Amino acid sequence: MGTAPLPPGQRLAKGWPVSHYGPVPKFRPERWSLQVFGATATGDKYAWSFDELSALPGITIETDLHCASGTTSTDHEFFGIAAGTILDLAPPAPGVTHVMAWAEYGYSANLRLADFTSERTVLATHHGGEPLTVEHGFPLRLVVPHLYGYKGPKWLRAIEYMTADRRGFWEERGYHNIADPWTEQRHSYQEE
């Protein structure tokens, strides 16, 4: 991956920089769950404990990560649960067009359903064969390799199925609603 061209306007980062807004949460396994709610096909809410989630079949992806600030870190290997697995276990209603990824402290990132359903979108538990560090999102981090990093929240707690788009945390603060690094969709003023 490191030999692949970088998206326009990006420069190579040294290592894997830690970037987030707010404090690092403490993991409490007895209280932790991943939830799926909103416009589910059944109308039900779904939840998995960390152990239940860890028992699901996993996939490994290799990818570069692109930050909207202009840095790209290369050669990442993530292991976790394919977003498609969650969609199979908790199917969305027919009218769902977007999802909101919810993380600790109310952080959110909106995604088009097509971005969430990408075969490379993963709810990651491991990086480079080791559990994620807490600074990089342990116990669960959403990785959407084809979008800027703010679309892949660390400390993921829930997926909300939506029948209309709604802006997430950074999108409400002037960041682009789609976030494609290859077309430099960094800021909301660039939206059509």
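Coordinate-derived values only; no laboratory data. Computed from a predicted structure; not experimentally measured. Cβ sites come from the backbone with ideal geometry, for glycine too, and all protein chains shown count toward neighbours.
With a point put 7 Å past each Cα toward its Cβ, work out how far Y105 is from R11 in nm, to one decimal.
2.7
What are the aspartates and glutamates whose alpha-carbon lies under 13 Å from the alpha-carbon of K14, with same-chain residues fewer than 8 places away excluded?
D64, D75
Which lysines have a Cα less than 24 Å from the Cα of K45, not counting those fewer than 8 places away in the same chain?
K151, K154
If each residue's Cβ is checked for other Cβ atoms within 10 Å, how do H76, H66 rank with the fewest at the top?
Values: H76 18, H66 25.
By the 10 Å Cβ count, ascending: H76, H66.
Under a point spin-label approximation (7 Å from Cα along Cα-to-Cβ), what is the K26-S54 distance to one decimal in nm?
2.0
Just check the stretch 21-133 against the gyration tensor rule for me: Cα atoms, a ≥ b ≥ c as the square roots of the eigenvalues, rounded for a/c under 1.5, and otherwise prolate or oblate depending on whether a/b exceeds b/c.
Working: a/c = 1.43, a/b = 1.26, b/c = 1.13.
Since a/c stays below 1.5, the shape of the stretch 21-133 is classed as rounded.
What do you get for GluC sites (Glu not before Pro) in the stretch 1-103 restricted to DSSP loop and a cutoff of at most 16 other Cβ within 10 Å of the site's Cβ?
Qualifying residues, ordered by number: E30.
Once the dipole of the chain is set up with Lys and Arg at +1 and Asp and Glu at -1 on Cβ about the Cα centre, which of T97, V24, A55 lies farthest towards its positive end?
V24
With a cap of 12 neighbouring Cβ atoms within 10 Å, and only residues DSSP puts in a loop, list the trypsin sites (Lys or Arg not before Pro) found in the stretch 1-95. Before the final figure, lay out the partial values.
On the way: sites: R11, K14, K26, R31, K45; in loops: K14, K26, R31, K45.
Loop-located and lightly packed - K14, K26, R31, K45.
Looking at the chain only, what percent of DSSP beta bridges run antiparallel? Nearest 5 please. Let's see the in-between values first.
Values: 33 of 39 bridges.
Here the antiparallel bridges make up roughly 85 percent for the chain.
With +1 on each Lys and Arg Cβ and -1 on each Asp and Glu Cβ, and nothing else charged, work out how big the dipole of the chain is about its Cα centre, in Debye to the nearest 20.
Values: 16 positive and 22 negative charges, 100 e Å.
That gives a dipole near 480 debye.
Roughly how big is the stretch 41-139's charge dipole about its Cα centre, with Cβ charges of +1 (Lys, Arg) and -1 (Asp, Glu), in debye to the nearest 20?
The calculation lands at about 380 debye.
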